[in-house]
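Structure, as structure tokens:
The values are calculated or read from the model by the stated rules, or taken from the named source; none is laboratory data. Keep in mind the model is a prediction, meaning the values are calculated, not measured. All Cβ positions, even for glycine, are placed from backbone atoms using ideal geometry, and neighbour counts span all protein chains on display. To get the accessible areas, we keep the full protein, side chains included, count just its heavy atoms, and leave off ligands, DNA and RNA. Shrake-Rupley method; radii C 1.70, N 1.55, O 1.52, S 1.80 Å.
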Amino acid sequence: MSTQPSQYSPETLALSAGFVPDRETQAMTPPIAMSVNHCFIPEDGSFSAHGIDDLTEAPFLYAGWTNPTVRQLEQRIAALECTDDAYATTTGMAALSAVFFSFLRVGDHLIISDVCYAAVYEMAREILPDYGIEVSTVNLTDLEAVAKAIRPNTRLIHAESPCNPLLRLTDLKQLADLARQHNILLSVDSTFATPVITRPVTLGVDIVVHSLTKFMNGHGDALGGCVVGRKALIAQIRSRAGVYLGATINAHNAWLIMRGIETLYPRMKTMSESALQIARWLEKHPRVKQVNYPGLASHPQYQLAGQQMAHGGGIIVFQTDDMDEIARRFAEDARLFYYAYSIGHQRSLAVLLKTADLMESTYNMTVEQEKEYRDYAGDGLFRLSIGLENPQDLIAELDRLLG
Ligand SMILES: Cc1ncc(COP(=O)(O)O)c(C=O)c1O
């Protein structure tokens, strides 16, 4: 028995897409396929796998390409993102490396958001130029600036929406239109949104990237990543990143993440509802200087959030005076918030991201870019990843910590 993905709504697909009960035992929880190899049964008497170009369908061959458990995960994610295929990787960073090293060659030009997850920014700044790839960092909310940055050799634009850590949004539809006019691929890291909130492919984006480590898994117990998109693009990524970069996820993590995805819809809805209540409460707190949350009317792109986001998401960022003292309280006195550098767990997390630290370690910004960054972040941001606790308990805790 297998399901026909496209006829169901996303909430249902989160449970059913790619799901196959064990054929032999009819176990309803799929077994974890730990085998690296599947015996090769020659069909044409040649005893050679030469010429088999689709390595993702049964009979499976080698887990470096995929395996039955990983394949179920990939099919589920592709269905949730409303597209053909997905390639699941060891981490979110592996997924991003897979995109860059599959599509960029010596002499190509990459445009990347001037604010994005620190490690991907650092990779674009430090590593890609060593491979002869030109990189421009651009505020992707400014489409004129993007258009100006496009060169004849621009091959890829990489966005993040909402971006880490500012929660600034990119107008994905408009950026996709611009990229298409210039025959440039557009990839979007949608880790903060998940398909519950935004489905970038439906807005014209070519490649969607997730760190599955975060909301998609949702329990903080497995690293993973994925790249999602049209079949031909994903086949190209799989053959490069799976075979040559060795980036394919292992079956155990794929299984954990698949189980996490089964509750993705109710989790994201609950987290978004709680985050909205908490963000509204924070806005009124006398010690809080500024709150950024896409679901708040005060967010500079509230209208865009309404167009391309079904919910505000689980992340809130805010500024306070006396940030070191508040950070100390989060780290030492919090009972419900855990002071940790991650997001998307079932438990709430908090961390202070100081602007000066990021400017020194990560961002290589122009004066104008730093000014735009500080409009959102001031001297530093507390990033909250709201979990599944009762929001009133979290508010009481924040009240105690903020003092
Ligand atoms: C937006 C975003 N993309 C990618 C990553 C990298 O994910 P991973 O830790 O799974 O490599 C992160 C990690 O925080 C992230 O926030």
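Normalised by 2.2 N^0.38 Å, with N the number of residues, the alpha-carbon radius of gyration of segment 76-154 equals 1.21. Of all DSSP-defined beta bridges confined to segment 115-242, some 40% are antiparallel rather than parallel. With springs only between Cα atoms under 10 Å apart, run a GNM on the chain and tell me which of HIS109, HIS38, HIS210 wobbles the most. With Cα springs under 10 Å in the chain, the top fluctuation among HIS109, HIS38, HIS210 is at HIS38.
For the cross-link pairs LYS214/LYS289; LYS214/LYS269; LYS231/LYS269, which exceed 20 Å when the distance is taken from alpha carbon to alpha carbon?
From the list (LYS214/LYS289; LYS214/LYS269; LYS231/LYS269), the Cα-Cα distance tops 20 Å for LYS214/LYS289; LYS231/LYS269.
Peptides 41-54, 85-98, 379-392, 299-312 ranked from most to least packed, by the mean per-residue count of other Cβ atoms within 10 Å: 85-98, 379-392, 299-312, 41-54.
As a size descriptor, the averaged projected area of the C-alpha convex hull of segment 89-229 was calculated at 7.6 nm². Rg and Dmax of segment 317-391, based on Cα coordinates, read 13.6, 42 Å. Amide H contacts of VAL188: ALA159, ILE207, VAL208, VAL209, each under 5 Å away and 5 or more positions distant or on a separate chain (H built 1.01 Å from N in the peptide plane; Pro and chain starts excluded).
Write down the percent of antiparallel bridges among all DSSP beta bridges whose residues are both part of the chain, to the nearest 5. Present the calculation step by step, with values, prior to reporting the outcome.
Working: 26 of 45 bridges.
That works out to approximately 60 percent antiparallel.
Eigen-decomposition of the gyration tensor built on the alpha-carbon atoms of segment 1-82 gives equivalent ellipsoid semi-axes of 26, 15, 11 angstrom, largest listed first. Taking the chain as a Gaussian network of alpha-carbon nodes connected by springs under 10 Å, the highest mean-square fluctuation of the residues ALA159, ALA297, ALA79 belongs to ALA297.
When peptides 248-256, 23-31 are sorted by average Cβ neighbour count within 10 Å, with the highest value leading, the order is 248-256, 23-31. For segment 316-347 versus segment 47-113, the inter-centroid distance based on Cα atoms is 36 Å. Considering only alpha-carbon pairs that sit under 8 angstrom and 6 or more positions apart, the relative contact order computed for segment 153-208 is 39 percent. Summarised in one figure, the compactness ratio Rg/Rh of the chain, Cα atoms and Kirkwood Rh, is 0.98. Surface composition of segment 264-402: carbon and sulfur make up 47 percent of the accessible area, probe 1.4 Å. Ignoring any ligand, DNA or RNA, what whole percent of the accessible area of segment 27-158 comes from carbon and sulfur when the probe is 1.4 angstrom? In segment 27-158, the share of accessible area belonging to carbon and sulfur is 57 percent.
In square angstrom, what is the accessible area per residue of the chain with a 1.4 angstrom probe? In whole numbers, the chain has 43 Å² accessible per residue.
Determine the relative contact order of segment 196-247: mean sequence separation of Cα pairs under 8 Å and six or more apart, normalised by residue count, in whole percent.
On the way: 38 pairs, mean separation 14.4, N = 52.
With pairs under 8 Å counted, the relative contact order is 28 percent.
Estimated from helical segments only, the mean residue ellipticity of the chain at 222 nm is -10500 deg cm²/dmol, where each DSSP H run of four or more residues counts as -39500 (n - 2.57). Note: relative contact order over the chain, using C-alpha pairs below 8 Å and six or more positions apart, is 16 percent.
I'd like the per residue volume of the convex hull spanned by the Cα atoms of segment 264-402, given in cubic angstrom.
On the way: hull volume 16.0 nm³, N = 139.
It is 115 Å³ per residue.
Of the residues ALA27, PRO10, LEU80, the one whose Cα sits farthest toward the positive end of the charge dipole of segment 4-88, with +1 on the Cβ of Lys and Arg and -1 on the Cβ of Asp and Glu, is ALA27.
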